[in-house]
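Taking it in order: structure first as structure tokens, then the write-up.
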Amino acid sequence: MESGNWTDRPDRIATEDLVAYVKTFRGLDYATDESIASFLYDEMRFIPQLSPEGNKFRARDGGSTALRGWEFPPLLDLRERWETLFGGQWDWHNPEIDEWQRV
């Protein structure tokens, strides 16, 4: 987030937005920043360092507030990692999409 505008990076999400998204799934309304971080590090093998060495980022919001978030690997790589770790083929939402997109 060098420029402070990270919206052009669909592979990144602010921590608070990721927590809100995860909580929309049945049974995950208990999710916290810490529980999601543990899953990403322990299960998905994310690297707990700032990008580009790791999967974390910080950006300024134009003021003095720093935004914390996550940088995800390429979508196809992440899907492959998921299937390797959790077995089988998954019925992905929008399987025709092969790279991150901003919604």
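The values are calculated or read from the model by the stated rules, or taken from the named source; none is laboratory data. This is a predicted model, so every value here is computed, not measured. Positions of Cβ are generated from backbone atoms using ideal geometry, with glycine treated the same way; all protein chains shown enter the neighbour counts.
Worth a mention:
- Leading residue by the ranking (surrounded by the most Cβ atoms within 10 Å (Cβ to Cβ)) among those in the stretch 31-48 that are outside any loop (DSSP other than H, G, I, E, B) and touching a residue at least 24 places away in the same chain (Cβ under 8 Å): L40
- Looking across the stretch 43-77, the residues that are acidic (D, E) and under 14 Å from the mean Cα position of the chain (by Cα) come down to E43, E71, D77.
- Among the numbered conditions (1) over 14 Å from the mean Cα position of the chain (by Cα); (2) at pLDDT below 90; (3) loosely packed, with under 10 Cβ neighbours inside 10 Å, the only one that R102 does not meet is (1).
- Close contacts from the stretch 10-28, counting a first residue that is closer than 13 Å to V103 by Cβ and a second that is polar (S, T, N, Q) and surrounded by fewer than 14 Cβ atoms within 10 Å (Cβ to Cβ), with Cβ to Cβ under 8 Å and a gap of 6+ residues or different chains, come to P10/Q101.
- Filtered residue count, the stretch 49-94, keeping only those that are in a loop (DSSP other than H, G, I, E, B) and either surrounded by 12 or more Cβ atoms within 10 Å (Cβ to Cβ) or touching a Ser or Thr at 6+ places or on another chain (Cβ under 9 Å) (or both): 8
- Consider the stretch 60-102 and keep the residues that are among the aromatic types (F, W, Y) and touching a strand residue (DSSP E or B) at 6+ places or on another chain (Cβ under 8 Å). The one that is nearest to Q49 (Cα to Cα) is W70.
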